[in-house]
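The values are calculated or read from the model by the stated rules, or taken from the named source; none is laboratory data. Because the structure is a prediction, the values reported are computed rather than measured. Every residue, glycine among them, receives a Cβ derived from its backbone with ideal geometry; neighbour counts consider all protein chains shown.
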Amino acid sequence: MRLRKVRRAAVAALALAVVLPVAACGGSSGPSGGGDGDKTLTLWHMEQPPNRVAAFQKVIDAYNATNPEYKVQAQVQDWNQIYTKISSAVQSKTQPDILFTIPDFTTYVRPLGAVRPVTSLVEELDKEHTFGDAAKAAYRDDDQYWAVPLYGMVQMLWYRKDLFAKAGITEAPKTWSQLLDDAKKLTSGNQKGIAVPAGKNLATDQVIYSLMLTGGAGNFFTDSGQVAFDKPQTVAALSLYADLLKQSPSDAGNYSWGEPQAAFNSGAAAMAIEKGQYLAPFEKESGRPASDLGCAPIPQADTGGQPGSIYYSNAAMVLSPDDARAKGAEDFLRFVLKPENYGQFLNAEPGLFLPLTEDGATAPSWTDNEVIKKYQGCVDAMLEQSKTGGLFGFVDGQYVDSIGKVSGQNILAQVVQRVYSNGESPAAAVKWGQQQMQEAVSR
Amino acid sequence: MSGRSAVPGVQGVALRARAAGHRRPWTRHLLGYALVAPLVLLMVGVIGYPLLNTVLLSFQDQGVVGSNSTYVGFENYGRALGDGEFWAAIGRSGIWLVGNLVVQTVIAFVTALVIGGNGRWARASRTWTLFPWVIPTVAVAVIWQWLSNSNYGVVPKAASAVGIDGLGSPFGDSALAMPALILMNSWHWFPLGAVVIYGAMRTIPGEIYEAARVDGANAWRTFWRITFPLLQPVLFALGLVGSLWSFNIVDSIYLVTKGGPADATTTAPVFIYNKAFNEFQASDAAAVSVVTIILLAALAFFYIRVARPKEDQ
């Protein structure tokens, strides 16, 4: 009798042991849904600041209010996690319908096999709104467009006019030697001439790359896709960067996006090289009038210099598993790029997100924004700088498939760190960078 | 508890049964097996399966996590063992482990002795000592970065006020980043050690201290002859668990320095993370993980052999 009770309890416990894990596995909730009756499109974007999330949501709400067949639902992702997350999402067929991207991330996602070409949509939108060539080029490969360009970003030299005036400097530097001289003149006591990042991150990658572009080292791949990083122009750009770091705050070795901007706004640094996110918070954070914020093109090398700056368009890929959902995703992207909606979308971060279409650049929905109006001169300068901008792996008509492996490892930033933190010579660090890049693209 | 039965006579019966070669029928044990089955299945699911998967992955040539791959034998192991950067990361992991172990143990011991007192301050500090422990790691990382930021940090501002200008964040200095991270991590986790040591100290009978005082032992001698030896089993367990825990930390390091500057804080787990998710070499990362697991297991085995308290041997 007692043995029977024990057996019964044992059977119940075993059944529980078997059922629990099965139950745990059964409740899968993929991000995309995607079932036959599911009329919701999932959109993944990586713009995490709350103001951007809210502004994107407004545009999405406006689209959903038009009663489309497929409504859009946004999910905010992290740039640090997205590489792993999209890979497993595609494997489990739970990828989003729309995924925001930048050119090098696109080269990573495409081989996963879920990205749909959007050539006809891009051509249609181009005819209707006219994209700039730089906006589209980085997304064209194998005679197809793989993403719809949405907004551009470009770096400028930002400077504090009030601190320049105090130091007796009357105009922004145009050449590397002027930049370095001004940085030295502006360094005094707790104030540094410039704040440039040297952390192992994308921020450092991008700032050094802007200087590489203006020094003629922007293209570090041969026509056959071989790495050609180790050249005198790269060494010169790195030498300049190392000199600028000497005029930067002492913890620049850990700087990313935010720290140089904080130093700039607090007056602890008189110059910085970054994108248009410097506009909106300047008055509030610095306590200075908008007229104290100066902007200029990235200074060029004294010999052999050329105009340039890192510039890239952010875009949206369509990964819907079936044609009907893909059409729904395309309808949403058409809606975003309509001039009356586009400005609201761009002003998620006014000044940072730049229009990529001709009618978008003149649309009142964008130009009427208070920040855009207040800093009209700098906004125009950024649009002008965009024309000479480029991004590693995509300059001079290139499309380097393996560029994601170079940017993913922050090899440019690591090269900077070897000079700044380890005291290596720029030539040795560039040689090391060449080896790392070769290894990265060869595997 | 030495494993001796609490019920008089039961152990003797069991021993006699075993000596006589009698074995209980397996059905008698069925309930026991059934009750532990959920836990065993869970362990197999969450530890055994990923571990097996990692080993299998280490013999392939997978790049992006989850992408197609083929079998390449021991190629990844050869590359891992010949990679100087991997061994440098293992070396930094050693520094990280020993640094955390020493700093956390010292702070925890001092804290436990302080909060073990009977004064009002000692009693009050028993609560706020736990404060760093309850702060999420992300917040700890942000707090320490804020404190030390050269632009708006409290520490550089205070230093500037006393005439020390230009003090930057130690996290941006390749020579100071590792010690600063060890200090930050120790600050975060020392309350755990302090509470465990404090709890263990409370179990030492007061009569022993009373007798020592009667014999004329001073505080120093009492600590080294009574408190420390009696706490050895607890310190042994704390050291083992704490070391393994510290070794595997990625979040604190990654949030503050991402392994920089110039790899100065790239420990083995950070190295593995970078391999898998920044360099997109999943199989290489798996091979390095397996080598690290073996090294860690050997270290744990060595620690148990050397540091195990004598009464348990």
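Applying the criterion of being over 29 Å from the mean Cα position of the chain (by Cα) and crowded, with 19+ Cβ neighbours inside 10 Å to the residues of the range B:147-160, the residue that is modelled with the lowest pLDDT is B:N151.
Counting only residues that are out of contact with any helix residue (DSSP H, G or I) (no Cβ under 6 Å at 6 or more places or on another chain) and surrounded by fewer than 22 Cβ atoms within 10 Å (Cβ to Cβ), which one in the range A:415-429 is nearest to B:T257 (Cα to Cα)? Within the range A:415-429, the match that is nearest to B:T257 (Cα to Cα) is A:N422.
Of the helices (runs of 4 or more DSSP H) contained entirely in the range A:255-359, those carrying at least 2 residues that are within 14 Å of another protein chain (Cβ to nearest Cβ) fall at A:258-266, A:282-286. Among all residues of the range B:207-227, there is none that is more than 30 Å from B:D251 (Cα to Cα), without any contact (Cβ under 8 Å) to a residue 12 or more places away in the chain and hydroxyl-bearing (S, T, Y). Each residue in the range B:122-146 was checked for being loosely packed, with under 15 Cβ neighbours inside 10 Å and within 13 Å of chain A (Cβ to nearest Cβ), and 3 of them qualify.
For the condition in a loop (DSSP other than H, G, I, E, B) and within 22 Å of A:R160 (Cα to Cα), A:A203 does not qualify. Those strands (runs of 3 or more DSSP E) of the range A:83-190 in which at least 3 residues are within 29 Å of A:F282 (Cα to Cα) and out of contact with any Cys (no Cβ under 9 Å at 6 or more places or on another chain), considering only elements entirely within it, cover A:148-154. When we screen B:N68, B:N53, B:N76 for residues that are at pLDDT 90 or above, within 13 Å of chain A (Cβ to nearest Cβ) and under 29 Å from A:T106 (Cα atoms), the only hit is B:N76.
Take the range B:147-199 and flag every residue that is touching a Ser or Thr at 6+ places or on another chain (Cβ under 6 Å), closer than 15 Å to B:V256 by Cα and more than 9 Å from every other protein chain (Cβ to nearest Cβ). Passing the criteria: B:M178, B:L181, B:N185.
The one condition from (1) assigned to a helix (DSSP H, G or I); (2) within 12 Å of chain B (Cβ to nearest Cβ) that A:N422 does not meet is (1).
Pick from the range A:238-254 the residues that are at the interface with chain B (Cβ under 7 Å from one of its Cβ atoms) and more than 11 Å from A:V207 (Cβ to Cβ): which of them is farthest from the chain's Cα centre (by Cα)? Result: A:S250. Only one entry in B:L192, B:L183 is assigned to a helix (DSSP H, G or I), under 19 Å from the mean Cα position of the chain (by Cα) and closer than 30 Å to A:Q191 by Cβ, namely B:L183.
Filter the range A:129-161 for residues that are surrounded by fewer than 23 Cβ atoms within 10 Å (Cβ to Cβ), at pLDDT 95 or above and among the charged types (D, E, K, R) and give the result. Scanning the range A:129-161 gives a single hit, A:K161. Cβ-Cβ distances below 6 Å connect the following pairs, each with a first residue in the range A:75-86 that is facing chain B (nearest Cβ under 9 Å), a second residue that is aromatic (F, W, Y), and a separation of six or more residues or different chains: A:T84/B:F277. Taking the range A:105-122 as the range and being at pLDDT 95 or above and among the charged types (D, E, K, R) as the test, only A:R116 passes. Of the candidates B:L167, B:L130, the single residue that is closer than 25 Å to B:S243 by Cα and modelled with pLDDT under 90 is B:L130.
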